Structures are given as C-alpha cells and as structure tokens.
Amino acid sequence: MAAVGSPAAGDPAADAAALGALEGRARGCAACPLRPGSSQVVVGEGDPAAPLVIVGEAPGGEEDRTGQPFAGAAGELLDRILAAVDLSRGDAYLTTVVQCRPPGDRAPHPLEVETCTALWLRPRLGLLRSRVILSLGNTATQHLLGTRQGITQLRGRWYAYGGSHGTLLMPLFHPAYLLRETTRIPGGPRSLTWRDIREAAAVLRGEKAPAELASAAAPDRGDLPTLF
C-alpha cells in the first residue's frame with residue numbers, strides 16, 4: 001500500500017496564480033454540449049494549498065444557480081459529514097468532474113467527462129497540493145481510478161493517485177445518495193460513510209498510516225453522530 005507522501009515540490013504562490021488563471025479560463029468554456037443548457041460554469045472553490053481535495057460528479061440545480069460546488073441539500077450534508085470529524089470547507093478544495101449542469105441532472109456522458117477533465121480537472125489537480133482526495137460517488141471515483149467498478153466495491157479503501165505526488169484517494173458515497181438512504185443501522189451507507197470519513201481524517205492529520213487502515217476494515221460502531 002502507498003504511504004503518506006508530500007505533494008510534489010513547487011512554488012505555492014505560482015501554483016495558486018496558475019490555478020486562478022485556469023479557473024478564469026474555465027468560466028468561459030463552451031467545449032462540450034453541456035454549456036448551452038446550463039446557467040454558468042461552476043469551477044472549483046477553496047484553498048489551493050489545502051491538503052484535502054473533494055471531487056464530485058457535476059453541478060446540480062442549486063450549484064448551477066449559485067455557481068458554488070456542493071450547494072443545496074447534498075452540500076449541507078457534506079458540511080455535516082466534514083464537521084463530524086472537525087473539518088470544514090475551509091480545510092479543502094472542492095470541485096467536480098464536469099463543470100456544467102447536465103440536463104435533468106443525469107450522469108455526465110463519457111465524451112462530456114473526457115472533454116471537461118482533459119481541459120480543466122486534470123490540470124487543476126496537478127496544481128493543487130493535496131495529500132488526500134475524497135472522490136464522491138460513482139462518476140468521480142470511476143474516472144479518477146480508471147475503473148468500471150461501482151462505488152459500493154471501491155469505497156472505504158485507499159488508492160494511490162498522482163504518481164510520484166504521493167496523493168491518496170478515498171472513495172465515499174455521494175451525499176446525494178445518502179439523502180435517499182437514511183437508515184442509520186450498522187453496515188448501512190451512512191454508517192459506512194462515518195467509518196470512511198474517520199479514516200480519511202485520521203490519515204489527513206497523520207494520526208494513522210494508510211497501510212494500517214487498508215490492511216483490515218475497522219468494524220462499524222454504533223456511535224454514528226446525529227450530525228448526519
């Protein structure tokens with residue numbers, strides 16, 4: 001298993017400036033069919049130097065209206081999940097696989113994903129200084145890991161991401177899915193997410209090594225916080 005590493009060496013100020021320029025260009029993107037049906041391009045948000053990056057699928061209606069990633073009810077639940085381990089949006093950089101809202105909030109098509117990630121997501125991740133990436137849901141996880149496996153099989157395990165950058169990726173269920181799956185029983189989606197976010201926070205803070213966490217699944221506990 002990969003060990004915790006540091007982000008690739010570079011000039012943080014230069015990377016932040018390059019990221020800002022990239023985001024500025026992204027706001028004018030019309031490279032795929034999604035742009036005409038959306039109100040605006042929703043680019044990333046957060047601290048470029050943050051050690052945590054959160055990647056979701058696509059903007060929904062509230063994100064399209066506000067221009068903010070992870071807005072609306074799913075974003076509020078994400079905030080509560082982070083708060084349960086003493087994290088917040090201010091500790092992360094948030095973005096999505098595609099930056100324009102798909103019609104009817106459908107899953108992005110492969111061409112849309114490839115176009116948007118080649119132009120914007122991959123260059124953005126190369127400029128960020130993350131130690132841990134949380135990929136939320138099927139679309140983000142399958143794209144970042146290059147797999148067809150579903151989130152149910154992939155979540156809760158650590159994966160190396162970014163070659164020599166030393167970045168680790170942990171897939172989690174998407175908060176939008178958790179809004180529909182409200183059971184709090186051990187082994188349910190919310191219970192598993194509580195386990196996964198605790199592991200992610202522990203590795204992010206250097207309290208545990210990912211090899212320890214990946215070698216054996218921690219048992220589900222009955223103390224799922226009422227925050228989510």
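What do you reckon, is Val85 assigned to a loop (DSSP other than H, G, I, E, B), of a type outside the set (Ser, Thr, Tyr), surrounded by 17 or more Cβ atoms within 10 Å (Cβ to Cβ) and more than 17 Å from the chain's Cα centre (by Cα)? Against the criterion (assigned to a loop (DSSP other than H, G, I, E, B), of a type outside the set (Ser, Thr, Tyr), surrounded by 17 or more Cβ atoms within 10 Å (Cβ to Cβ) and more than 17 Å from the chain's Cα centre (by Cα)), Val85 does not qualify. Among the residues of segment 174-198, the ones that are closer than 20 Å to Gln149 by Cβ, under 19 Å from the mean Cα position of the chain (by Cα) and open to solvent by 10 Å² or more (accessible area, probe 1.4 Å) come to 6 in all.
The set of residues in segment 150-173 that are open to solvent by less than 20 Å² (accessible area, probe 1.4 Å), among the small types (Gly, Ala, Ser) and part of a strand (DSSP E or B) is empty. Cβ-Cβ contacts under 6 Å between residues 6 or more apart (or on different chains), taken from a first residue in segment 94-110 that is charged (D, E, K, R) to a second residue that is surrounded by 24 or more Cβ atoms within 10 Å (Cβ to Cβ), are listed as Arg101/Pro59. Based on what the data block shows, is Ala18 surrounded by fewer than 18 Cβ atoms within 10 Å (Cβ to Cβ) and either at pLDDT 95 or above or in a helix (DSSP H, G or I) (or both)? Against the criterion (surrounded by fewer than 18 Cβ atoms within 10 Å (Cβ to Cβ) and either at pLDDT 95 or above or in a helix (DSSP H, G or I) (or both)), Ala18 qualifies. Consider Ala73 carefully, then state whether it is in contact (Cβ under 8 Å) with a residue 60 or more places away in the chain and either open to solvent by 20 Å² or more (accessible area, probe 1.4 Å) or over 19 Å from the mean Cα position of the chain (by Cα) (or both). Yes, satisfied. For segment 38-45, the count of residues that are open to solvent by 30 Å² or more (accessible area, probe 1.4 Å) and in contact with a Ser or Thr (Cβ under 8 Å, 6 or more places away or on another chain) is nonzero.
Applying the criterion of being hydroxyl-bearing (Ser, Thr, Tyr), at pLDDT 95 or above and farther than 22 Å from Ala74 by Cα to the residues of segment 105-149, the residue that is most open to solvent (accessible area, probe 1.4 Å) is Thr115.
The values are calculated or read from the model by the stated rules, or taken from the named source; none is laboratory data. Remember, it's a predicted structure, so these values are computed and weren't measured experimentally. Because the Cβ atoms are built from the backbone with ideal geometry, glycine has one as well, and the counts that use them run over all protein chains shown. Note: areas computed on protein heavy atoms with side chains; ligands, DNA, RNA excluded. Shrake-Rupley method; radii C 1.70, N 1.55, O 1.52, S 1.80 Å.
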